[in-house]
Amino acid sequence: MTSKRLATVARVLLGLVFIAGPLATAFHLVPEPVLPPRAGAFMRALAESGYMLPLLWSSEIGAGILVLSPVLTLLGLVLLAPILLQQSLTKRSFILPEGFNTKRSARFS
C-alpha cells in the first residue's frame, strides 16, 4: 500500500470516528459508562448547562466532516486539537485516581 493510500485510509477512519462517536453518544445508542464520582459530577454539570455537550458534539461532527474532505483536512485537524487536549486533560484530572502524579512525573519532582 502506498503512503498516499495509507494517509487516505487514516484520514477516513479518523473522520468516521469523530462523526460516529458523537452521534452514538447524542442519540444514546451506546450505554453510558459508570464514572467515578468526580467525573460523574463534571459530566452532570456539562449536561445541566444545556449547551456544552451539544456544542462539543457538533464541533466533533463538524471537524470529522472536515477531516473527511481532502481539501479541508488540515482545518479539521486544527479544530480537533483543542478537543483532544481537553479530553486528555479531563481524563487525567477527573477520571484517573492519581491525576497528574504518575510514577514518571514523581521521579522528577
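Please list 3J(HN,Hα) in residue order for region 6-12, calculated via the Karplus relation 6.51 cos²θ - 1.76 cosθ + 1.60 where θ = phi - 60°; whole Hz, with x for glycine and proline.
Once rounded to whole Hz, the list reads 5, 5, 5, 5, 5, 5, 5.
Just to check I understand the Karplus step: with θ = phi - 60° and J = 6.51 cos²θ - 1.76 cosθ + 1.60, what whole-Hz values come out for region 85-91, glycine and proline as x?
Here the 3J(HN,Hα) series is 5, 4, 5, 6, 5, 5, 4 Hz.
Give a quick list of chymotrypsin sites (Phe, Trp or Tyr not before Pro) in region 1-95 that DSSP marks as loop, anything other than H, G, I, E or B, with at most 12 other Cβ atoms within 10 Å. Spell out each step's value before the answer.
Numbers: sites: Phe18, Phe27, Phe42, Tyr51, Trp57, Phe94; in loops: Phe27, Tyr51.
Here the chymotrypsin sites (Phe, Trp or Tyr not before Pro) that fit, given the DSSP loop and packing criteria, are Phe27, Tyr51.
If the convex hull of the alpha-carbon atoms of region 10-101 is projected onto planes in all directions, what is the mean projected area in square nanometres? Could you put the intermediate results ahead of the total?
On the way: hull surface 26.3 nm².
In nm², the orientation-averaged hull projection of region 10-101 is 6.6.
Using the Karplus equation 6.51 cos²θ - 1.76 cosθ + 1.60 (θ = phi - 60°), what ³J(HN,Hα) coupling, rounded to whole Hz, does each residue of region 30-38 give in order, writing x for Gly and Pro?
10, x, 6, x, 7, 9, x, x, 5
Rule-based calculations on the coordinates, nothing more; no lab input. If you're wondering where the values come from, they're calculated on a predicted model, not measured in any experiment. Reconstructed Cβ throughout: ideal geometry from the backbone, glycine too, with neighbour counts over all protein chains shown.
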